[in-house]
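Colleague: Here it is, the structure, as structure tokens.
The values are calculated or read from the model by the stated rules, or taken from the named source; none is laboratory data. Since the structure is predicted, the reported quantities are computational estimates derived from the model, not experimental observations. Glycine also receives a Cβ, built like all others from the backbone with ideal geometry; neighbour counts cover every protein chain displayed. With ligands, DNA and RNA removed, areas are computed over all heavy atoms of the protein, side chains included. Shrake-Rupley method; radii C 1.70, N 1.55, O 1.52, S 1.80 Å.
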Amino acid sequence: MLKFFLDWLVRADPPAPADAIFVLAGHKSRKVFAIRLLERGIAPALLFSVGRFEIRRFPELGLPLTIDLLQIAQSISPPQRHFFVLFENQQFTVQRIRLRTLGTLSEIDALADWILAHPAISSLLVVSSGSHLRRLRMCCRRLLRRNVKCSFVATPEERGNNSSNREAILLECFKIACYVVLLPFWEVARAWRWRIRFTVDGN
């Protein structure tokens, strides 16, 4: 039964060429794997989502260049320290993103804004833990621009013991149930935010 639910959660695609790679905040292994994909030439750009507890360790990822995120974050309140870091053409671009109650949903919401600001992006490789992928598909399908093709790639990770696996899988299934309820409301709220933004900008 555990394997059935895990297989249901892990709807992974094979790595395929894309305009950019996006890697979710969280386990270091996600970012290391995304860097390997970049080095293989899968995409010309890599967008990192970097949470507050990852900032100090960002230089340890093994990129040919690095950036002092800690220095950038010093003037920002710790709970608000979440960044998108774009590595492209041997250069970094950093922007702070706003996190709300739900971390993954906030990241994909911010990704949707980033894609709108980068209209040349028509394909995206999304990297995260395998059990995270079904929920990411749900979020991307709801929030991202319709003409952006997304592929979802699982990070090779060591499995824990059966007990920890069971708890993690059940928790992920519970989160998916919550997202089924919340996503339509989030989508409406996002549309209202953009409508208000356009109204303010138009004035």
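Colleague: With 48, 92 as the choices, which residue is over 23 Å from residue 139 (Cα atoms) and either exposed (fewer than 13 other Cβ atoms within 10 Å of the Cβ) or touching a residue at least 24 places away in the same chain (Cβ under 8 Å) (or both)?
Modeller: Answer to the selection: 92.
Colleague: Within segment 97-112, which residues are surrounded by 17 or more Cβ atoms within 10 Å (Cβ to Cβ), in a helix (DSSP H, G or I) and of a type outside the set (S, T, N, Q)?
Modeller: Within segment 97-112, 105, 107, 108, 109, 110, 111, 112 meet the criteria.
Colleague: With respect to residue 125, is the statement that it is within 26 Å of residue 177 (Cα to Cα) and modelled with pLDDT of 95 or more true?
Modeller: yes
Colleague: If I ask for residues that are closer than 12 Å to residue 129 by Cα and either of a type in the set (Gly, Ala, Ser) or open to solvent by less than 60 Å² (accessible area, probe 1.4 Å) (or both), which ones from segment 1-27 would you list?
Modeller: Within segment 1-27, the first condition is being closer than 12 Å to residue 129 by Cα, and the residues that meet it are 6, 9-12, 23-27.
6, 9, 10, 12, 23, 24, 25, 26, listed by residue number.
Colleague: Working carefully through the options 41, 62, 51, find the one that is more than 14 Å from the chain's Cα centre (by Cα), at pLDDT below 95 and of a type in the set (Gly, Ala, Ser). Before the answer, list the steps.
Modeller: Details: 41 fails: at pLDDT below 95; 51 fails: more than 14 Å from the chain's Cα centre (by Cα).
Residue meeting the stated conditions: 62.
Colleague: Select, from 81, 135, the only residue that is within 12 Å of the chain's Cα centre (by Cα) and buried (at least 16 other Cβ atoms within 10 Å of the Cβ).
Modeller: 135
To keep it simple, each residue is scored yes or no on (1) more than 16 Å from residue 189 (Cα to Cα); (2) among the aromatic types (Phe, Trp, Tyr).
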| position | (1), (2) |
| --- | --- |
| 84 | yes, yes |
| 98 | no, no |
| 106 | no, no |
| 112 | no, no |
| 137 | yes, no |
| 140 | no, no |
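Colleague: Anything in segment 33-45 that is in a helix (DSSP H, G or I), over 15 Å from residue 88 (Cβ atoms) and open to solvent by 40 Å² or more (accessible area, probe 1.4 Å)? List them, or say none. Even if it seems obvious, please write down each step before you answer.
Modeller: Of the residues in segment 33-45, the ones in a helix (DSSP H, G or I) are 33-39.
Now drop any that are not over 15 Å from residue 88 (Cβ atoms), which leaves 33, 36.
Once the filter is applied, which keeps residues that are in a helix (DSSP H, G or I), over 15 Å from residue 88 (Cβ atoms) and open to solvent by 40 Å² or more (accessible area, probe 1.4 Å), segment 33-45 yields only 36.
Colleague: Considering only segment 51-71, state which residues are in a loop (DSSP other than H, G, I, E, B), open to solvent by 80 Å² or more (accessible area, probe 1.4 Å) and among the charged types (D, E, K, R).
Modeller: Passing the criteria: 52, 56, 57, 68.
Colleague: Within segment 2-15, identify whether any single residue is of a type in the set (Gly, Ala, Ser) and touching a Pro at 6+ places or on another chain (Cβ under 9 Å), and answer yes or no.
Modeller: no
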